[in-house]
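Chemist: Quick one: this structure, given as structure tokens, is what I'll be asking you about.
Derivation of every value follows stated rules applied to the coordinates shown; laboratory data play no part. What you see is a predicted model; the values in this text were computed from it and never measured. Glycine gets a Cβ as well: all are built from the backbone with ideal geometry, and neighbour counts include every protein chain shown.
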Ligand code: GLA
């Protein structure tokens, strides 16, 4: 297999490139400006199906030949899309049954993008014909570095409720359960008279009069993720057959919340994991209040650590982010000077071997005309483009980092199935989302300059216990759904000496969403020496005070601790007064099992994380003053680079000695960082 980064002197730098939107003179200017900016990799053809195949089986490759030849002539590599992301008008017109149906039974109409049903045999057949034609025509093209399958699979069509999808769902269930009585047991269908006597009676969980069966809904989410994975694998299969040496990827949408695909599982099938990430600002309106972040760049850091976990620690590719504003939030916040570079470095620090954007040139028309780009509407003579040139130069100087990796002493264990389960209709509290506390814990660690890996359960189907045991500290944040294998892996890590911090609402239900009886948290009761009798979730605006001064939020509960458990803080008031809220237990392995029963204020959360790290012997990445983001990449041959990004509004200092690749000068023993400044220091080696 060829390397996707072959022939790239620095770290890859580029964008989605949509030349079909522009006349020839603009395309010529594009090549000149790409040269000026140091672009090395562009994704082409992502939304070009309608122009590449204007009628069924009539391909128009001439214009595309020219695009690829010109890019190659300019020394720019291509991440070549399979162009299947958005179906052409003729497909929707001739085969309307290939369009998806929403939960209300409404079939979407043509006129947007990615409107296809993931289970449609027509879409599958037509898309694979196109993939084959592209692979045969361009498989040997010298510009080709990487196949880019589809685009953000599942972004707009994560679930489909049409009859074809329902039949595919039944086939999936039949494979999963074999016998309908096994399904009845897993779904607890004795409740509300939902018992099935044959798989034929099972429908997709579309519109119902009230609460749906939660396991039915979860299985449909699993099925839908698998169904889209089937499309990816089918396209990859065609590409492998025709171009066995060319690596294949599809761009993920890994952020901290709300993903419809189990990317832990999907990562296993990528030759290189690639990701799209956008900052999500918190907005006042309720519709967006649920997905915004007070500190979107903290969410970026978490997501970049998570995508590295999806890539199982390997370097990955940032396929898209934005130079400035996006076009799909209520107010599209632009990035101040310097932030594009710092956001890019935040991804590189966390393992990205390339930085790309949506998109090269801002569109004059079409649905995304207000999205920022490397070349803004103002053109070349703009601060934004000058920043783009600076970024290109910097990435060109960072080539020595390629292939280096990040490994921290602390790991957070996360799981997409948990975000689906905790997105359900009927739960103890809708204020609990799977990633909220994980994100806050990640932030508290960053504040202490401690790095964290974020590992998805499903990225390690065979080696989860070994992976978890390689860390000094394992955090299990809100892992509501914990199957027996995962519980055993956590236990094995603790037995091997890994300190474990489990938070509230973890280990409550199994893979069928059945509650572990006899006191929560069934999966971790023995490990923690904690037995919870009743949950007392806190409404919005109601604080749960602890006797050590902590202001708790979101959660409280009635728990008892066994004799060998040290209670560090108790609830101070209300129905849970006097009950343990924060505990620690020393295990025979010497490791400590911590339990946290509420969501503490920032100060107490930071104190707790510092205590956990101290007990486990975890040290900061480096010594620094102020809110500096610190991450270290290391190469197999013993080189290391310290990334220091000053996100604060005050000057900061970092203890480091070496050569800063950003300013291109020697630094140390102390590095001074102005507000908003960044450094990437190749550290002097102890051996000289
Ligand atoms: C996604 C898509 C792009 C574009 C951007 C806009 O990442 O892949 O095609 O729509 O969003 O932010």
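Chemist: If each of residue 106 and residue 367 carries a label point 7 Å out from its Cα toward its Cβ, how far apart are those two points in nm?
Modeler: 1.5 nm
Chemist: Which residues in region 108-126 have a backbone N closer than 13 Å to a point placed 7 Å from the Cα of residue 57 along the Cα-to-Cβ line?
Modeler: 126
Chemist: Per q in 0.11, 0.13, 0.18 Å⁻¹, report the Debye log10 I(q)/I(0) for region 269-348, using one uniform scatterer on each alpha carbon and no solvent.
Modeler: After summing over all Cα pairs, the log10 values are -0.32, -0.44, -0.79.
Chemist: Could you please state, rounded to a whole Å, how far the C-alpha centre of region 47-95 is from the C-alpha centre of region 302-362?
Modeler: About 26 Å separates the Cα centre of region 47-95 from the one of region 302-362.
Chemist: Taking N as the number of residues in region 78-214, what value does Rg over Cα atoms divided by 2.2 N^0.38 Å take?
Modeler: 1.32
Chemist: I've got another one for you. Measuring from a point 7 Å past the Cα of residue 397 along Cα-to-C-beta, which residues in region 1-37 have an amide N at less than 19 Å?
Modeler: Inside the label zone: 9-14, 36-37.
Chemist: Convert 4 °C to kelvin, take the viscosity as 1.567 mPa s, use the Kirkwood radius over C-alpha pairs of region 328-370 as Rh, and evaluate the Stokes-Einstein diffusion coefficient in µm²/s, rounded to a whole number.
Modeler: Taking Rh from Cα pairs, D becomes 103 µm²/s.
Chemist: Can you give the log10 of the normalised intensity I(q)/I(0) at q = 0.12, 0.16, 0.18 Å⁻¹, computed with Debye over equal Cα scatterers of region 410-616?
Modeler: -0.54, -1.02, -1.36
Chemist: Between residue 327 and residue 380, how high is the FRET efficiency from 1/(1 + (r/R0)^6) when r is the Cβ-Cβ distance and R₀ = 30 Å? Nearest 0.05.
Modeler: That pair, residue 327 with residue 380, gives E of 0.85.
Chemist: In addition: Can you work out D for region 592-669 in µm² s⁻¹ from Stokes-Einstein, where Rh is the Kirkwood radius over C-alpha pairs, the temperature is 37 °C and the viscosity is 0.692 mPa s?
Modeler: 217 µm²/s
Chemist: Further question on the same structure: What number does region 22-123 give for Rg over Rh if you use C-alpha atoms and the Kirkwood radius?
Modeler: 1.09
Chemist: May I have the pair-distance distribution P(r) for region 186-274, computed from all Cα-Cα distances with 10 Å bins from 0 and rounded to whole percent?
Modeler: Cα pair-distance distribution for region 186-274, in percent: 14, 35, 24, 19, 7, 1.
Chemist: Using the basic label-point model (7 angstrom from Cα toward the beta carbon), what is the residue 664 to residue 66 distance in nanometres?
Modeler: Between residue 664 and residue 66, the simple spin-label model gives 3.8 nm.
Chemist: While we're here: Could you work out how much longer the chain between residue 209 and residue 462 gets when fully extended? Use 0.36 nm per residue separation minus the Cα distance between them, nm to one decimal.
Modeler: Computed gain between residue 209 and residue 462 is 87.0 nm.
Chemist: Moving on. What number results when the radius of gyration of region 103-176, computed over Cα atoms, is divided by 2.2 N^0.38 Å?
Modeler: My calculation over the Cα atoms of region 103-176 gives 1.39.
Chemist: Something else about it: Would you list 146, 582, 422, 306 from fewest to most Cβ contacts within 10 Å?
Modeler: In order of increasing Cβ crowding within 10 Å: 422, 582, 146, 306.
Chemist: Placing one identical point scatterer on every Cα of region 485-572 and ignoring solvent, what is log10 I(q)/I(0) from the Debye formula at q = 0.16, 0.17, 0.21 Å⁻¹?
Modeler: Results for region 485-572 at q = 0.16, 0.17, 0.21 Å⁻¹ read -0.73, -0.82, -1.14.
Chemist: Given R₀ = 56 Å, FRET efficiency for residue 26-residue 171 by Cβ-Cβ distance, to 0.05?
Modeler: Numbers: r = 48 Å, r/R0 = 0.87.
That pair, residue 26 with residue 171, gives E of 0.70.
Chemist: If we sort 584-591, 538-545 on the protection proxy, mean other Cβ atoms within 10 Å, highest first, what's the order?
Modeler: So the order, starting with the most tightly packed, is 584-591, 538-545.
Chemist: At a 10 angstrom cut-off on C-beta neighbours, averaged per residue, how do the peptides 93-104, 409-420, 454-465 rank from highest to lowest? Mind dumping the intermediate values first?
Modeler: On the way: 93-104: 16.1, 409-420: 24.5, 454-465: 20.2.
Highest mean packing first, the order is 409-420, 454-465, 93-104.
Chemist: Per DSSP helix of 4 or more residues, -39500 (n - 2.57); summed, then divided by the residues of the chain. What does that give at 222 nm, rounded to the nearest 500?
Modeler: Only helices count here, giving -9500 deg cm²/dmol.
Chemist: Which order do peptides 184-191, 529-536 fall in by mean Cβ count within 10 Å, highest first? Working shown, then result.
Modeler: On the way: 184-191: 16.1, 529-536: 18.2.
Packing order, densest peptide first, comes out as 529-536, 184-191.
Chemist: Which distance in nm do the two modelled labels at residue 1 and residue 635 give, with both placed 7 Å along the Cα-to-Cβ direction?
Modeler: Simple spin-label model gives 2.3 nm for this pair.
Chemist: In nm, what is the difference between 0.36 nm times the number of residues separating residue 485 and residue 200 and their Cα-Cα distance?
Modeler: Working: separation 285, 0.36 × 285 = 102.60 nm, distance 3.13 nm.
Full extension of this stretch gives 99.5 nm more.
Chemist: Can you tell me the convex hull volume per residue for the chain, based on C-alpha atoms, in Å³ to the nearest whole number?
Modeler: Expressed per residue, the convex hull around the Cα atoms of the chain is 160 Å³.
Chemist: If you build the convex hull over the alpha carbons only and average its shadow over all orientations, what do you get for region 628-683? Give it in nm² to one decimal. Don't skip to the answer; put the middle values down first.
Modeler: Working: hull surface 13.4 nm².
For region 628-683, the mean projected area of the Cα convex hull comes to 3.4 nm².
Chemist: Need one number: % antiparallel among DSSP beta bridges in the chain, to the nearest 5.
Modeler: In the chain, approximately 50 percent of DSSP beta bridges are antiparallel ones.
Chemist: Rg over Rh of region 539-688, using C-alpha atoms and the Kirkwood radius, what does it come to?
Modeler: 1.14
Chemist: Need the C-alpha centroid separation for region 105-172 versus region 364-380, integer Å.
Modeler: 27 Å
Chemist: Relative contact order, percent, of the chain when contacts are C-alpha pairs under 8 Å separated by at least 6 residues?
Modeler: 10 percent
Chemist: At 0.36 nm per residue, minus the direct Cα-Cα distance, what do residue 625 and residue 515 gain on full extension? Give it in nm, one decimal, please.
Modeler: 35.0 nm
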